[in-house]
Every structure is written in structure tokens, then in C-alpha cells.
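What follows is a short report on a single structure.
The values are calculated or read from the model by the stated rules, or taken from the named source; none is laboratory data. In this text, all values refer to a predicted model and were calculated from it rather than measured experimentally. Because the Cβ atoms are built from the backbone with ideal geometry, glycine has one as well, and the counts that use them run over all protein chains shown. Note: areas computed on protein heavy atoms with side chains; ligands, DNA, RNA excluded. Shrake-Rupley method; radii C 1.70, N 1.55, O 1.52, S 1.80 Å.
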Amino acid sequence: MSVPDCPHCGKPATRVLDLAYGYWEWDDESARYQHRTCSERVDVAPWVHHECMGELRDLHPQNDYSTTAG
Ligand SMILES: [Zn+2]
């Protein structure tokens, strides 16, 4: 194994977003931007999984995962 799984959705965290404050997405129904974020806390994890926006608090993209087992 090399790609760590997301602790929230269980899928491989192949893309990790560096979005401490999330992003804004246009919502046609409300005709406004909606804030998409991984957490409502001030203490936001710096990285999130791109598929589920789950926090990756214990994952650090700059670590070497090539030797990680399991
Ligand atoms: Zn996920």
C-alpha cells in the first residue's frame, strides 16, 4: 500500500486539497455562493480529501508513504 485511505469515506486519498477555509461554489437554486468546508471549527485541519471534504488531520502530503504498510 502506498496511498493512504481517507478516514471518512475510506477511498484512497489520491488528491488532497490544501484548503484551510474551504471554497465557495455557485449554487443555481439559491443564486448565491455556498461555502464548502471540512469543518465549522476554528481549528480546521489543513488538508481535506477532494471527494468527501473530510478532514485529513493525521495525513501530511509531504510525508513518504512509499514504505507505509497496511
Ligand atoms: Zn474521503
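Can you sort LEU59, LEU19 by 1.4 Å-probe accessible area, starting with the largest? Don't skip to the end; give the middle numbers.
Working: LEU59 20, LEU19 50 Å².
So the residues, ranked largest to smallest area, are LEU19, LEU59.
How about the chain: which trypsin sites (Lys or Arg not before Pro) there are in a DSSP loop, with at most 11 other Cβ atoms within 10 Å of their Cβ?
ARG15, ARG41
Rounding to the nearest 20 debye, state how big the charge dipole of the chain is about its Cα centre with +1 on each Lys and Arg Cβ and -1 on each Asp and Glu Cβ.
That gives a dipole near 120 debye.
Roll a 1.4 angstrom probe over the protein heavy atoms and tell me the percent of accessible area of the chain that is carbon or sulfur. Don't skip to the answer; put the middle values down first.
Numbers: 2510 of 5250 Å².
Its accessible area is 48 percent carbon and sulfur atoms.
For the pair ARG15 and VAL42, what calculated FRET efficiency results from E = 1/(1 + (r/R0)^6), where r is the Cβ-Cβ distance and R0 = 25 Å, to the nearest 0.05? Present the calculation step by step, with values, prior to reporting the outcome.
Values: r = 25 Å, r/R0 = 1.01.
Efficiency computed from Cβ-Cβ geometry: 0.50.
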